[in-house]
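Asker: One structure is given below, represented as C-alpha cells, and several questions about it will come after.
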Amino acid sequence: MQYPDYRYQVNYIRRLKRWHVHVIGQSLCGRNLVALRRGSGRPRVLIAAGFHGTEYLTVLAALRFARECTCGGSVAIVPCVNPDGTEIAINGFQTAGAYAARAALICDDHRRWQANARGVDINHNFPACWEQVKQRELDMGISSPSCTRFGGYRPESEPETRAITGLCREADFDRVLALHSQGREIYWDFEDCAPERGRELAARMAQVSGYDLAQPELIATGGGFKDWFLQKYRRPGFTVEMGKGKNPLPLSDFEAEYPRVRAILDTFIRAESTDLMNGE
Ligand SMILES: [Zn+2]
C-alpha cells in the first residue's frame, strides 16, 4: 500500500476507466482539483474526500471506490479536495512551494497538518454559520493561520472551497457525502436542515457499516461542507468519519476498514431515487 500523495492520485486517475475527468479548480500551490464524473439522470450525487491533510485514507477509499463502483444515476467523486494539505502531511513542508516556510513556522510536525497550504482549514471555510465558527475558533485561541481549525478571514476565501461550492452550484446534486477520519460515525444534520429522508439514509448507512449515527450537536459547529449543503439546499448531506484511532490512521488500517466505507458508499449511491427524492 502506497501513500496517496499527488503523484499517486494523478497516476491512479489516469488508469481509471469509464470516468470523465474534470478539472474544477487549482489549489493554492497549483495542483489540479479533480472531479470524476459519470452517468446521467437522477439521482445526482457527490462523494468528496481528502478535506484534511492527515485524512489521506479517505483519498485511498474514494479512488478505490471509483475503480470498483458499478453505479447507476449520475455520480461525481472528488477524491482529494485539499491536495496541498495532503501532500504536506505525507511528504513534508517543502512540497508547499511559496507557502513552505510559513507552514513550517506555524507547525512543528508536518504529519499533523490538516489545513490547506496557507493554514486555512477548508472544512471551517464554507459559508454556513461562519461567524459562529469564527467565534468558536477565537474562544479556542485560534486567530491566525494554523495547521488546523482556522477558518480563514472570510467564508469561501480559499480556491479549494470555491471549487466544491462551484461544482455543487453547477451540478444541482440531490445529495452529497464528505469522507473524513476518524471515529466510525455518520453525521447527517445541521441546524435542523436535514429532510427526513436524510435521517433515514444515514440510519441505513450506519446499519450496513456498523458505524454510529452521530447525534446532532446542541450548538451547531458550522463552516463544514455538509453544513453548507444542508443549509443551502435542504437536501441530504453527510459527513462520514472513516476508521478509528488517532490521525493520521496508519496505511495498514485501510484494507480492514475499506469494506465498511464501501458499504456506506454503495448504500449512499444506490438508495432508491423514489423514496429519497420526494418532498423536494
Ligand atoms: Zn476531516
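The values are calculated or read from the model by the stated rules, or taken from the named source; none is laboratory data. Source: prediction; values computed, not measured. Because the Cβ atoms are built from the backbone with ideal geometry, glycine has one as well, and the counts that use them run over all protein chains shown.
Every residue, every condition in (1) touching a Gly at 6+ places or on another chain (Cβ under 7 Å); (2) of a type in the set (A, V, I, L, M), yes or no:
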residue	(1), (2)
I142	no, yes
F150	yes, no
H180	no, no
D192	no, no
S209	no, no
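Asker: Scan the helices (runs of 4 or more DSSP H) fully inside segment 72-142 and keep the ones with 1 or more residues being in contact with a Leu (Cβ under 7 Å, 6 or more places away or on another chain).
Answerer: Per the criteria, 83-91.
Asker: Further, regarding this structure: Identify all residues within segment 55-79 that are within 16 Å of the ligand (Cβ to nearest atom) and under 12 Å from the mean Cα position of the chain (by Cα); write none if there are none.
Answerer: Just the residues of segment 55-79 that are within 16 Å of the ligand (Cβ to nearest atom), to begin with: 55-62, 78-79.
Passing the criteria: E55, Y56, L57, T58, V59, A61, A62, V78, P79.
Asker: When the residues of segment 43-54 are filtered to those that are within 19 Å of A171 (Cα to Cα) and within 16 Å of the ligand (Cβ to nearest atom), which remaining residue is surrounded by the fewest Cβ atoms within 10 Å (Cβ to Cβ)? Walk me through it before giving the result.
Answerer: Within segment 43-54, the first condition is being within 19 Å of A171 (Cα to Cα), and the residues that meet it are 43-49.
Add one more test, that the residue is within 16 Å of the ligand (Cβ to nearest atom), and what stays is 47-49.
Working: I47: 27, A48: 25, A49: 31.
Out of the qualifying residues, it is A48.
Asker: When only residues in segment 155-192 that are of a type in the set (K, R) and touching a residue at least 24 places away in the same chain (Cβ under 8 Å) count, which is nearest to V45 (Cα to Cα)? Reasoning before the result, please.
Answerer: In the first step, residues of segment 155-192 are kept if they are of a type in the set (K, R); the result is 162, 169, 175, 184.
With the extra rule that they be touching a residue at least 24 places away in the same chain (Cβ under 8 Å), the set shrinks to 162, 175, 184.
Details: R162: 18, R175: 5, R184: 22 Å.
Top of the filtered list is R175.
Asker: Here's a follow-up. Out of segment 153-165, which residues are within 16 Å of the ligand (Cβ to nearest atom) and part of a loop (DSSP other than H, G, I, E, B)? Give the steps one after another, and end with the answer.
Answerer: Filtering segment 153-165 for residues within 16 Å of the ligand (Cβ to nearest atom) gives 158, 160-161, 164.
E158, the sole residue that qualifies.
Asker: Taking R149 and the conditions (1) touching a helix residue (DSSP H, G or I) at 6+ places or on another chain (Cβ under 7 Å); (2) away from the ligand (no atom under 15 Å from the Cβ); (3) at positive phi, which numbered condition does it fall short on, given that it satisfies the others?
Answerer: All conditions pass for R149, except number (2).
Asker: Please state which of the following conditions H20 fails to meet, knowing it meets all the rest: (1) in contact with a strand residue (DSSP E or B) (Cβ under 6 Å, 6 or more places away or on another chain); (2) farther than 30 Å from C107 by Cα; (3) buried (at least 17 other Cβ atoms within 10 Å of the Cβ).
Answerer: (3)
Asker: I would also like to ask the following. Pick from I186, I219, I264: which is modelled with pLDDT of 95 or more, among the aliphatic types (A, V, I, L, M) and within 25 Å of G151 (Cα to Cα)?
Answerer: Working: I219 fails: modelled with pLDDT of 95 or more; I264 fails: within 25 Å of G151 (Cα to Cα).
Sole residue among the options that is modelled with pLDDT of 95 or more, among the aliphatic types (A, V, I, L, M) and within 25 Å of G151 (Cα to Cα): I186.
Asker: In segment 196-244, which residues are exposed (fewer than 14 other Cβ atoms within 10 Å of the Cβ), small (G, A, S) and touching a residue at least 24 places away in the same chain (Cβ under 8 Å)?
Answerer: G210
Asker: Which of (1) within 16 Å of the ligand (Cβ to nearest atom); (2) over 30 Å from C107 (Cα atoms) is the odd one out, the single condition C168 does not satisfy?
Answerer: (1)
Asker: Here is a further query. Residue under question is V34, and the condition is that it be among the hydrophobic types (A, V, I, L, M, F, W, C) and either touching a His at 6+ places or on another chain (Cβ under 9 Å) or away from the ligand (no atom under 16 Å from the Cβ) (or both); does it hold? So that I can check it myself, show each step before the final result.
Answerer: Details: among the hydrophobic types (A, V, I, L, M, F, W, C): yes; either touching a His at 6+ places or on another chain (Cβ under 9 Å) or away from the ligand (no atom under 16 Å from the Cβ) (or both): yes.
Against the criterion (among the hydrophobic types (A, V, I, L, M, F, W, C) and either touching a His at 6+ places or on another chain (Cβ under 9 Å) or away from the ligand (no atom under 16 Å from the Cβ) (or both)), V34 qualifies.
Asker: Let me confirm something: among S40, S27, which residue is crowded, with 20+ Cβ neighbours inside 10 Å, away from the ligand (no atom under 16 Å from the Cβ) and among the polar types (S, T, N, Q)?
Answerer: On the way: S40 fails: crowded, with 20+ Cβ neighbours inside 10 Å.
After ruling out the rest, the residue left standing is S27.
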